[in-house]
Structure formats: C-alpha cells, structure tokens
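Structure first, commentary second.
The values are calculated or read from the model by the stated rules, or taken from the named source; none is laboratory data. All of these numbers come straight from a predicted model, not from anything done at the bench. Note that each Cβ is placed from the backbone with ideal geometry, even for glycine, and that neighbours are counted across all protein chains shown. For accessibility, only protein heavy atoms count, side chains too; no ligands or nucleic acids. Shrake-Rupley method; radii C 1.70, N 1.55, O 1.52, S 1.80 Å.
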Amino acid sequence: MDDKEILEKALEFHGHRCWASVAGVRVGLAALEKLGIKRSGGTQLYGIVEIGEEHGGMCFGDGVQYATGCTFGKGNIRKNPLGKLGFTLIEKDTNRAVRVVFTSTLQKQIAASKFMQQRAAGISPDEIPLEDQMELVELVWNAPKEEVLKIGEVFEYPGKWIPEVMGFKPCDRCGELTALAYLRVDGTQHVCIPCSGYDR
Ligand SMILES: [Zn+2]
Ligand SMILES: [Zn+2]
C-alpha cells in the first residue's frame, strides 16, 4: 500500500474525513519512516498515543492506529492521556523508538475551515458536505512535513515486554468464555472476575 492508499483506507475505517485523523496518519507514517520500518499486521510494533478522553481531535488515535497497525484490539497500543497529538512508536525487537508530534502550525487555518465552522455549529462530522471534508483533508495531508510534524531523534525505549497468555476457558460458574489470565481460583473452581466477587 502506498501512503495515499493508507490515508484513504484509514478515513474509510474512521467513518468521516477530518483533520485529526489525517494528522494521525501523517504522524504514524513519519514514525515508521524515521525508524526505517513498515506498517505491521502483527504485534512487532508498540505504540503510545497521547490523546486523552472527551476532547476534540481524538480522531488522531484512529489515524495512528491505521497507519502503523498498532491497534487497541491487538493490544499493541496504549494511551498516555496527556491531551496531546503526540505518538511514540517502538520496535519491540530492538526497543528503538521515536516520538512524533503534530504541531500547532495549521491550527488557525483548521479553525477557520468550513468543516470546523460547521462542527462549531453542532453539525456532526459525517453530515458535513464531502467537499468541505476534503478541503480540510487536503490542507493537512499536503502541508510540508517539516512545518506540521516535530519528529524526535531515535531513542532506546526501556521496554520489558510480557508475553501474551494464550487460550480461553469457560468460567465454571456462568459458562462464559474467559481468557486464562482473567480466570480466578475460588476453591476448586476457576471462575471469571464477576463470578469471583473480586475487583480484578
Ligand atoms: Zn474524525
Ligand atoms: Zn463467570
């Protein structure tokens, strides 16, 4: 897949076209490029994304996930919720890492765009006309890398990687399939957390 294809598929996955998801794709691709590696469908890479909860621009997280293949479903990305458009990508085999940030350069242009004016008026992003969505996509996608991205130096991440515990077993009480690491021992039974009465 070339970069444009990754962008298109990322936006399709995301559900609408917005500046923050495009920023995420650019940041993810720049991190891969800096480490000299490719997007991975496995779990060789690990990401740390700095968006928080309930603020604008969280769509950034979908962009970095799609661009790098580090996804919350696979568990090879986590949030360090700082409310920033920052992302650290780590190659687990070598612990080589880089942090990339989307800068403030375009913020005025983004705020003045037809897309954001409609967002401010309470219109849902997927109800904004496609051409207004695309105007903002093009703005963020085509801006020079050195202006919109701050790309750090490669550093060594102090990673201690815990291997996955494979396998599921039905809870002895409710019968629901539960990952082995989440079963608790209660007398002679192996039970899920809600059935065990424990908090975790
Ligand atoms: Zn979005
Ligand atoms: Zn149970």
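Below are the figures for this structure:
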quantity	calculated
Evaluation of L82 against (1) over 25 Å from E146 (Cβ atoms); (2) of a type outside the set (V, I, T); (3) touching an Asp or Glu at 6+ places or on another chain (Cβ under 6 Å) (one fails), failing number	(1)
Odd one out for V137 among (1) in a helix (DSSP H, G or I); (2) open to solvent by 60 Å² or more (accessible area, probe 1.4 Å); (3) within 16 Å of ligand 1 (Cβ to nearest atom); (4) not hydroxyl-bearing (S, T, Y)	(2)
Conditions (1) within 16 Å of ligand 1 (Cβ to nearest atom); (2) hydrophobic (A, V, I, L, M, F, W, C); (3) touching a Leu at 6+ places or on another chain (Cβ under 7 Å): number failed by V98	(1)
Sole residue being away from ligand 1 (no atom under 16 Å from the Cβ) and not β-branched (V, I, T), chosen from L82, L106, L7	L82
Output for region 10-49, where each listed residue is of a type outside the set (D, E, K, R), without any contact (Cβ under 8 Å) to a residue 40 or more places away in the chain and either within 16 Å of ligand 1 (Cβ to nearest atom) or closer than 18 Å to K145 by Cβ (or both)	L29, G36, V49
Residues satisfying the stated conditions in region 157-200, i.e. basic (K, R) and in contact (Cβ under 8 Å) with a residue 12 or more places away in the chain	K169, R173, R184
Among (1) part of a helix (DSSP H, G or I); (2) crowded, with 24+ Cβ neighbours inside 10 Å, the one test that R17 misses	(1)
Wholly enclosed strands (runs of 3 or more DSSP E) of region 67-117 bearing at least 2 residues open to solvent by less than 10 Å² (accessible area, probe 1.4 Å)	86-91, 96-102
Search result, residues across region 29-60 that are under 19 Å from G83 (Cβ atoms) and in a helix (DSSP H, G or I)	F60
Region 147-187, residues that are open to solvent by less than 70 Å² (accessible area, probe 1.4 Å) and under 30 Å from G28 (Cα atoms)	V148, L149, I151, G152, V154, Y157, G159
Within region 7-17, tally of residues that are out of contact with any Phe, Trp or Tyr (no Cβ under 7 Å at 6 or more places or on another chain) and at negative phi	6
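Conditions (1) away from ligand 1 (no atom under 16 Å from the Cβ); (2) in the same structural domain as L106 (by TED's automatic domain parsing); (3) part of a loop (DSSP other than H, G, I, E, B), marked per residue:
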position	(1), (2), (3)
E147	yes, yes, no
K169	yes, no, no
D172	yes, no, yes
G175	yes, no, yes
V185	yes, no, no
H190	yes, no, no
C195	yes, no, no
